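Accompanying notes for the structure given below.
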Amino acid sequence: MRFRNSTAAAVCVLVAGLALGGCESGGSGGSSSGSVATPAANVGSSAQAGSTPSAAASALGAQAGAAHGVCQPGNLSFALGKARTSGSRSQTTQAVDLTNQGPSACTVDGFPGVDLLGVARGKQNYSLSLARRSGPHSKVRLKPGMTAHFDVIYLPTTSGNIDNMTVAKIVITPPGAHTQAELSWSPFVLLPDEAIHPGTYVSPIVSGS
């Protein structure tokens with residue numbers, strides 16, 4: 001491109017009186033990107049100058065909302081919530097509450113990672129990762145002191161059943177978090193088989209307790 005521009009300049013010097021318009025046209029073409037950028041910048045400046053205070057406040061509010069990070073276990077407290085029996089398979093639903101104890105708002109979106117730790121199949125440190133129940137979910141914003149929850153749905157059993165798990169802890173990884181939290185829990189849970197629809201799974205996080 002530099003070689004072509006130099007040649008064009010030389011030709012313009014020789015025939016300046018005849019091709020002045022052509023040379024000006026060629027110069028505009030060589031800097032077309034700059035010509036486009038300048039009006040765009042002016043338009044942006046005009047828009048900012050004409051912005052109303054309410055529009056500026058809305059923009060700042062949007063930026064502040066985008067700045068809220070993902071809730072991390074260090075800023076959350078966990079507690080067992082309500083338990084209820086439901087479903088044709090006599091499943092038990094155990095709610096797990098999570099409360100934002102941090103100094104600022106944070107968000108959770110989707111399913112937590114949930115692992116049950118306990119005794120099963122002759123192992124003292126048996127770990128069971130729970131499946132996720134399919135379905136829609138939405139982002140939950142937690143201001144300081146606000147609570148959300150998710151459900152652990154499982155098939156209860158009795159002690160001594162060969163297919164049961166004696167749970168000792170529930171390990172929780174909030175969506176998008178990098179660390180985990182542990183919560184003591186001690187039900188007898190029927191181990192899932194290879195069925196397409198497992199009897200033990202976890203729901204997405206929703207607002208409220």
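Restricting attention to region 73-207, close to 95% of DSSP beta bridges with both partner residues there are antiparallel. With a simple spin-label model that places each label point 7 Å from the Cα along the Cα-to-Cβ direction, the separation between MET146 and LEU80 comes to 2.8 nm.
Amide H to amide H, with H built 1.01 Å from N, GLN91 comes under 5 Å of SER86, counting only residues 5 or more places away or on other chains.
Subtracting the Cα-Cα distance of GLU182 and THR93 from their residue separation scaled by 0.36 nm leaves 30.2 nm. On the basis of the beta-carbon distance and an R0 of 22 Å, ASN125 and ASP193 show a calculated FRET efficiency of 0.55.
Normalising by residue count, region 98-209 has a Cα convex hull of 108 Å³ per residue.
Compared with the direct C-alpha span, the chain from ASP163 to ASP115 gains 15.5 nm at full extension, assuming 0.36 nm per residue. Couplings 3J(HN,Hα) of region 143-148, computed from phi: 6, x, x, 7, 10, 10 Hz, in residue order, whole Hz [Karplus 6.51 cos²θ - 1.76 cosθ + 1.60, θ = phi - 60°; x for Gly and Pro].
Read-outs throughout are calculated quantities, based only on the coordinates presented, and are distinct from any laboratory measurement. All values reported here derive from a predicted model rather than from experimental measurement. A quick note on method: Cβ atoms are made from the backbone with ideal geometry, for glycine too, and the neighbour counts reach across all protein chains shown.
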